[in-house]
Amino acid sequence: MLQTLYDRSNADTRQILDGKALAAAAGVPDEQTRPVASYLEEAGLVRCTWAMGGPPDFQITVRGIQEIEDALAAPDQPTRHLPAINIIHATHISGPIQQGGQGNVQRTTLPATDEISAAVRELRQALDSIDDPAAHARAEVHVQLLEAQAHEGALDHGTLKWALDALAQIGYGMAGSAGFQFLQGLLG
């Protein structure tokens, strides 16, 4: 989504882009737009103008521009907030493309079973134990992302790991909840 914002704003921090149109252009489902926006805003990569119920409008920040330009300058290296970029130039392909290298990660998904959905609901309930508003807001973003993926029918393995790591760092007993322990067990 950050790359699409960078491209569509022409790397202009003054440009404000409609969140719904931006998400559609980036291929981000509506229900994941707000959690993605929260993450990007918390990282200082974008500024958001939040609307009631809908996706926010976006402005890229200087830090967001730098993040994209760093990624483009060294596409084989991840940045602080972005994975390595995979660019393939091809003129004729008659079969599948398989690419790999040192440090590459294969994305896998887990089908959202009733047990996974129940574990995510338990994480939602565990949010009630967080009395610090800032910590609650950070945890809320990760739980919303897992809820959205469970609703879509599949949890991305990397996203699940990232969300659980963040929830463990936030603390407040989140890592001790039964839902957290169940989901952690799925990671192997």
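Enter the accessible area per residue of segment 111-185 (Å², integer; probe 1.4 Å; all protein chains in place).
On the way: 3580 Å² over 75 residues.
Here the per-residue accessible area is 48 Å².
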For segment 140-163 and segment 52-86, what is the separation of their C-alpha centers, rounded to whole Å?
20 Å
In terms of modelled amide H atoms, which long-range or inter-chain residues lie less than 5 Å from the amide H of residue 46?
41, 61
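Calculate the FRET efficiency for residue 128 and residue 31 from the Cβ-Cβ distance with a Förster distance of 30 Å, rounded to the nearest 0.05.
Working: r = 22 Å, r/R0 = 0.74.
The pair residue 128/residue 31 has a calculated efficiency of 0.85.
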Trypsin sites (Lys or Arg not before Pro) within segment 2-82, DSSP loop, no more than 11 other Cβ atoms inside 10 Å:
14, 80
Ranked highest first by average number of other Cβ atoms within 10 Å, how do 176-183, 160-167 line up?
160-167, 176-183
Where the only charges are on Cβ atoms (+1 Lys, Arg; -1 Asp, Glu), what is the dipole of segment 5-69 about its Cα centre, to the nearest 20 debye?
120 debye
Between residue 186 and residue 42, what is the label-point separation in nm under the 7 Å Cα-to-beta-carbon projection?
1.9 nm
Each label sits 7 Å from Cα toward the beta-carbon; between residue 118 and residue 16 the label points are separated, in nm, by 4.7 nm
If amide H atoms are modeled at 1.01 Å from N in the peptide plane, then the residues at a separation of 5 or more from residue 154, or on another chain, having amide H under 5 Å from its own are 112
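The values are calculated or read from the model by the stated rules, or taken from the named source; none is laboratory data. Note that the structure is predicted; figures quoted are calculated from it, not measured. Cβ sites come from the backbone with ideal geometry, for glycine too, and all protein chains shown count toward neighbours. For accessibility, only protein heavy atoms count, side chains too; no ligands or nucleic acids. Shrake-Rupley method; radii C 1.70, N 1.55, O 1.52, S 1.80 Å.
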